[in-house]
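Structure first, then comments.
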Amino acid sequence: MPADFNWAIGGEAGDGIDSTGKIFAQALSRAGRHVFTSKDFASRIRGGYTAYKVRTSTEKVRSVVDRLDVLVALTPRTIEENMDELHDGSVIIYDGDRTTMADVDIPENMVDLDVPLKALAEDAGGAIMRNVVALGAACEATSFDIEHLDSSLKKRFGDKGQAIVENNKQAARLGQEYVQENYPDADLDYELETTDNDYVLLNGDEAIGMGAIAAGCKYYAGYPITPATDVMTYLKGRIEHFGGHVVQAEDELAAINLALGAARAGARSMTATSGPGIDLMTETFGLVATSETPLVIVDVMRSGPSTGMPTKQEQGDLNMLLYGGHGEIPRFVLAPTTVNECFWKTVEAFNLAEKYQTPVYLAADLAMAVTEQTFEPEAFDMDAVEIDRGKVVDEDTIEDHQTESGGFKPHEITDDGVSPRAFPGTAGGAHMSTGLEHDEQGRRTEDTEMRVKQVDKRNRKVETAKEREDFSPREFGDPDADNLIVTWGSNEGTLVEALEYLDDDDVDVRILSCPYIFPRADLTEEFEAADQVVVVECNATGQFADVVEHDTLQRVKRINKYDGVQFKADELANDIKETLAGEGQEVEA
Amino acid sequence: MSSQVRFTDFKSDKQPTWCPGCGDFGTMNGMMKALAETGNDPDNTFVVAGIGCSGKIGTYMHSYAIHGVHGRALPVGAGVKMANPDLEVMVAGGDGDGYSIGAGHFVHAVRRNVDMSYVVMDNRIYGLTKGQASPTSREDFETSTTPEGPQQPPVNPLALALASGATFIAQSFSSDALRHQEIVQKAIEHDGFGFVNVFSPCVTFNDVDTYDYFRDSLVDLQETDYDPTDREAAKEKVLDADKEYMGVLYQDEESQSYEQTHGLDSDMSDIDHDGAPEDAMDLVREFY
Ligand SMILES: Cc1ncc(C[n+]2csc(CCOP(=O)(O)OP(=O)(O)O)c2C)c(N)n1
Ligand code: SF4
């Protein structure tokens, strides 16, 4: 009985793969098991193939692996696509009555569970429930208590009425019983232990949306784009309960401008997009920075350039986020490393934005955004959320920031670079913000001295933040190891799992995972203390490696993956070993 | 406070650098008077300006304001208003700003029907970039970049607005001070997107669409028995290629602003909790 169990359902887009997979994942999570899900959109063969994969264990799981123990195959292609990951004793559940599945060949060494999914679903009240019949069969195959499935069916279909829930429960029972009766001797040596733990299961986009609400965000404007759309979907229908509003804009140009308007009006405001949308938003990004408007801009990265591979992983936008925009623009760039960090970094992004009156980029990536992970609910401890709105002035304090003739100074030159902020409606605070260079009152100027003062003032905020905030990396592995692995974004989980493989081969490494891209920690000492430094990232040119080389004036080795698929732990462990041994550099051409 | 507000309270201490005689002076005066007349004051007013000579208006007025990027003033205005419906929001820009680079946003701002006014200073030329054709320039209007004229029909902003579902469409003329002020006032008072195309002559680069031209050709709808609530009549007027009209061309009296239909009535700048809002833990429980 393997502790780490891998299950998948695959078929054609439109077969209800995602929702079925999610029902099973939720059932596992409710049964006190850790879950890590991933979505597979095959690139080898064009077409509608799609799969939802669930890795589960009683231990924490942090990445995907190349192994499948039970596969629900709705199409023959599902079996072909996953053949490499199937092994001796893998169970394949399929409907042999389906014409396309009639002649599939299940390899001898695997367990063949031919279940009349459609017919049984019809018996339970409708063919549409055929996937749920398969879930019932999967429960039987894994000795998993079907009552856990009931509760997730209730969650999924509760809105549609009790009758629908009951029909689905019945459909699952029929699948379970069919396997019991027809395959009594099948050698099913899987057994999914349950625990009393309560976990929550969510993905990065949802965590970002939840973090926004927790941080008091009231306004969201966005334009749909994979894989950022789920942020908007999550907020819509939820943020309203907290006095907020979501707008689907006509394009990203409008989205960021709507969000900017709301931010100027004093609301905590956010937009989210992916690469192509960031390009469009870059025009207004400069205005956001120059007008010193607090704004959170989420980039859920996908494969680029141009439309690239919209459903595939990449961390290729870093240069754009760090340097995008004409002129020189102070900004924060944060990169969450896990689904849970998506929540906390979003909260932090709002605080940084308001404390320093700058735009904040939150750089998430596809692998994290669409991946669901289980956490203890305390990982999202709402009591620990803090709100810092920075230097907001009101009617009483505004006088300290006015000129002799009563003009408010929204761009007052201050030691820390941060100026007072007056929400519209504040008496005595009327002022104009502009993308033109301006004086302390916000009035256009081309005065050379004032230009330099304002540029310095804006840049000074970064220095202030470096003094006041903690931009340390997260650390894993052996703190005394000679080999230093540096990474950012969603690779952290995979690296942490890779540690086990490296340990088996006696390779000691220290891992620094950097959630702050700008400003970032100075890694010079760490680099000097290490024999070898390897930077791991999902892009071809090593964008983060470039910046740390620049910071530390030291060359690093690089592991780059840019085939559209996130790293897997065993594969990454091998790459690290080879790279440390001086072999191979770039993986995946 | 509002009872004592005079239109000069909306003036900033910056002297306009517009060319002497520019139509934008009159356009701005009318806007300030209309704001004061409708009971607003600089602290509750938010002006969003575009880019161009016209866009400089934000600098010359005194209120909360933002001078945006070229063509994107309308979404900024909508964001401001949605986040704080108590503010009086006025968006201003040029014909290039609004109907060229910003044309997409114009159509959608009209559809969205946020309660704000949009004043376009239409001089049928690009002023600030020194005299190129604008989307409202005549087909044969010769400019440095179109020596034979644009050879394309001009954009018809009124028809575009009507086709997009506008609830308030008006046209005015900057030098007819009283009528201009009245029309802008009606746009402010309208519950929804109050769109006013203002003929605001450029005395430096446009010698065709001049004060004299508009004075002679404009037909004031107020002097006819025109009914602005009649959409069919409005259709006829906005598509009339032979005449230019002044006044309210269309007003949907049933118009309900975006904020009303979406239940937006609070000032979102308030965060009345120290940490996460009350009940936020429910958001986590949902994921069990
Ligand atoms: C993205 C961008 N492109 C071009 C410009 C240059 N530009 C400044 S004003 C303007 C045209 C303004 O024309 P209009 O809106 O008619 O205003 P006017 O100056 O006539 O009042 C242009 C193209 C700019 N500022 N930004
Ligand atoms: S160039 Fe034309 S539009 Fe610009 S200020 Fe002069 S007259 Fe007015």
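Side notes on the structure shown:
- Note on chain B: with a GNM built from Cα contacts shorter than 10 Å, the maximum mean-square fluctuation among B:Ile188, B:Ile125, B:Ile66 falls on B:Ile66.
- Packing rank of B:23-30, B:275-282, A:565-572, A:181-188, where each peptide gets the mean count of other beta carbons within 10 Å, highest leading: B:23-30, A:565-572, B:275-282, A:181-188
- Using a 1.4 Å probe over protein heavy atoms, the accessible area lost on pairing A with B, summed over both chains, comes to approximately 4800 Å².
- Cut-off under 5 Å, modelled amide H: who pairs with B:Ala276 long-range: A:Val385
- Taking N as the residue count of region A:292-446, its C-alpha radius of gyration divided by 2.2 N^0.38 Å amounts to 1.29.
- Stokes-Einstein diffusion coefficient of chain A, Kirkwood radius over Cα pairs, 4 °C, 1.567 mPa s, in µm²/s: 50
- For region B:76-120, a reduction of at least 10 Å² in accessible area between the chain on its own and the assembled protein chains (probe 1.4 Å) is found at B:Val76, B:Gly79, B:Val80, B:Met82, B:Ala83, B:Asn84, B:Leu87, B:His105, B:His108, B:Arg112.
- Ranked packing of A:238-244, B:218-224, most packed first, by mean Cβ within 10 Å: A:238-244, B:218-224
- Heavy-atom accessible area with a 1.4 Å probe sorts B:His70, A:His245, largest first, into B:His70, A:His245.
- Three-way shape call for region B:19-141 based on the alpha-carbon gyration tensor, with the a/c threshold at 1.5: oblate
- Rolling a 1.4 angstrom probe over the protein heavy atoms with all chains in place gives the protein assembly as shown an accessible area of 38 Å² per residue.
- Phi angles across region B:248-262 convert, under the Karplus curve 6.51 cos²θ - 1.76 cosθ + 1.60 with θ = phi - 60°, into 3J(HN,Hα) values of 7, 7, 8, 9, 8, 6, 8, 3, 10, 5, 3, 4, 5, 5, 9 Hz, Gly and Pro given as x.
- A:Thr414 accessible area, 1.4 Å probe, all protein chains in place, Å² to nearest 10: 20
- 1.4 Å probe, heavy atoms, protein only - residues of region B:57-72 losing at least 10 Å² accessible area vs chain alone: B:Gly58, B:Thr59, B:His62, B:Ser63, B:Tyr64, B:Ala65, B:Ile66, B:His67, B:Gly68, B:Val69, B:Arg72
- Taking all protein chains as they are arranged and a probe of 1.4 Å, the heavy atoms of B:Thr261 leave approximately 80 Å² accessible to solvent.
- Using the average count of surrounding beta-carbon atoms within 10 Å as a protection proxy, the listed peptides A:507-514, A:332-339 rank, highest first, as A:332-339, A:507-514.
- Chain A - charge dipole about Cα centre, Lys and Arg +1 at Cβ, Asp and Glu -1, debye rounded to 20: 2600
- Dipole check for region B:112-216: with +1 at the C-beta of Lys and Arg, -1 at the C-beta of Asp and Glu, and the Cα centre as origin, the magnitude is about 240 Debye.
- Summarising the amide proton neighbourhood of A:Ser433: residues at separation of 5 or more, or on other chains, whose placed amide H is nearer than 5 Å comprise B:Ala65, B:Ile66, B:His67.
- Only protein atoms count toward the accessible area here, which uses a 1.4 Å probe; on the protein assembly as shown, the carbon and sulfur part of that area reaches 44 percent.
- Taken about its Cα centre, chain B carries a charge dipole of roughly 1020 debye when the Cβ of each Lys and Arg holds +1 and the Cβ of each Asp and Glu holds -1.
- Selection among A:Pro305, A:Tyr323, A:Ala259 by position relative to the dipole of region A:207-325 gives A:Ala259 as farthest towards the positive end (Cβ unit charges, Cα centre).
- Helix-only CD estimate at 222 nm, as mean residue ellipticity for chain A, using -39500 (n - 2.57) per DSSP H run (n ≥ 4): -11000 deg cm²/dmol
- Dipole of chain A, positive end: most advanced residue of A:Val360, A:Asn6, A:His401 [Cβ charges, Cα centre]: A:His401
The values are calculated or read from the model by the stated rules, or taken from the named source; none is laboratory data. Just so it is clear, the model here is predicted, and its values are computed rather than measured. All Cβ positions, even for glycine, are placed from backbone atoms using ideal geometry, and neighbour counts span all protein chains on display. Note: areas computed on protein heavy atoms with side chains; ligands, DNA, RNA excluded. Shrake-Rupley method; radii C 1.70, N 1.55, O 1.52, S 1.80 Å.
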